[in-house]
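Down below is the structure, laid out as structure tokens.
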Amino acid sequence: MRFLCEHRSDQVFGMRLNDSGSLLYVPYSQGINIFDIRHGDLRERIFLTEQMNNFYQSIHDLSNKMIHNMAIDETGKRIFLITSAGLTIATLDSVPLSIGSVNPMSAASGTQITIRGSGFVQSSNVSVNNTPATVTFVDANTLSVIVPFLPAGPAQITVNNPDGQIYSLDAAFSILGRASFLRTKLSVAARTFPTSAKHRPNIMAAGKTLDPKMKQVWTKKKTEHFSKKAKAKPTTIVAGEHPSKF
């Protein structure tokens, strides 16, 4: 991303990522630039009347380390700065809408994914490949989304806010086909299945589980049944009569 390579002579030490890792706050002597991590573009610029400087020269520290001049709160809306006037607090009217991550990166239709970013509100709408999705607002940085029923493949996520902000991220995650989803579920089950014979359940042909104690009782009754049948006396058959019992 280009903004990570650029350096200005008035840049101040102490750039910060927001809580979800979707926005980068870069301080300068007269303000702050906020960049989108996914697209690398400048989302907002804040101008200050106070001056920010690097403070490592004026502080007698044997390690000669520079001090971070900036901190941000968990929502990214309030920015705390060390300036020529002392502590300065800048508050954004609204945090830029962005997406930092989607978890899991592969999901089947009808399952849940979690979107981490910034600028989310209670009435944020989400679409996946232009298909509306069911959304649950968790907090300003988190949305829970049910993947709509769509063909397998890369999926674009678009978030719309009531104030007109729209943010899209191509190939944000992959929608799994049914076969891929079943293979994933079986793989997870194989990793979590007990390996000890003591704790391993007995799988029946019908897909049911038989308790070990019940299996012993069933085996005992079955053995007794065949044992009694083997010891039964043969029935004498008289010519011309129909045996009542074999």
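The values are calculated or read from the model by the stated rules, or taken from the named source; none is laboratory data. As the structure is a prediction and not an experimental result, all values here were calculated from the model. All Cβ positions, even for glycine, are placed from backbone atoms using ideal geometry, and neighbour counts span all protein chains on display.
Within the stretch 2-28, the set of residues being modelled with pLDDT under 80, of a type outside the set (Phe, Trp, Tyr) and under 27 Å from ALA85 (Cβ atoms) comprises HIS7, ARG8, SER9, ASP10, GLN11, VAL12, GLY14.
The residues of the stretch 107-145 that are surrounded by fewer than 20 Cβ atoms within 10 Å (Cβ to Cβ) and of a type in the set (Phe, Trp, Tyr) amount to a single one, PHE137.
GLY119 meets each of the listed conditions (1) outside the structural domain of HIS39 (by TED's automatic domain parsing); (2) within 30 Å of GLN51 (Cβ to Cβ); (3) modelled with pLDDT under 95 apart from (3).
Just one of (1) surrounded by 18 or more Cβ atoms within 10 Å (Cβ to Cβ); (2) touching a Gly at 6+ places or on another chain (Cβ under 9 Å); (3) modelled with pLDDT of 90 or more; (4) under 22 Å from LEU87 (Cα atoms) fails for ARG45. It is (1).
When the stretch 48-57 is filtered for residues that are modelled with pLDDT of 50 or more and not aliphatic (A, V, I, L, M), the ones remaining, listed by number, are THR49, GLU50, GLN51, ASN53, ASN54, PHE55.
Residues in the stretch 58-79 that are modelled with pLDDT under 90 and part of a loop (DSSP other than H, G, I, E, B): SER58, ILE59, HIS60, ASP61, LEU62, SER63, ASN64, LYS65, MET66, ILE67, HIS68, ASN69.
The sole residue among PRO104, PRO154, PRO148 that is free of Cβ contacts under 8 Å to residues at least 24 places away in the same chain and surrounded by fewer than 20 Cβ atoms within 10 Å (Cβ to Cβ) is PRO154.
Is it the case that the stretch 31-38 has a residue that's farther than 15 Å from VAL95 by Cα and modelled with pLDDT of 90 or more? Let's see the steps before the verdict.
In the first step, residues of the stretch 31-38 are kept if they are farther than 15 Å from VAL95 by Cα; the result is 31, 38.
Now narrow it down to the ones that are modelled with pLDDT of 90 or more: 38.
Among the residues of the stretch 31-38, at least one is farther than 15 Å from VAL95 by Cα and modelled with pLDDT of 90 or more, which makes the answer yes.
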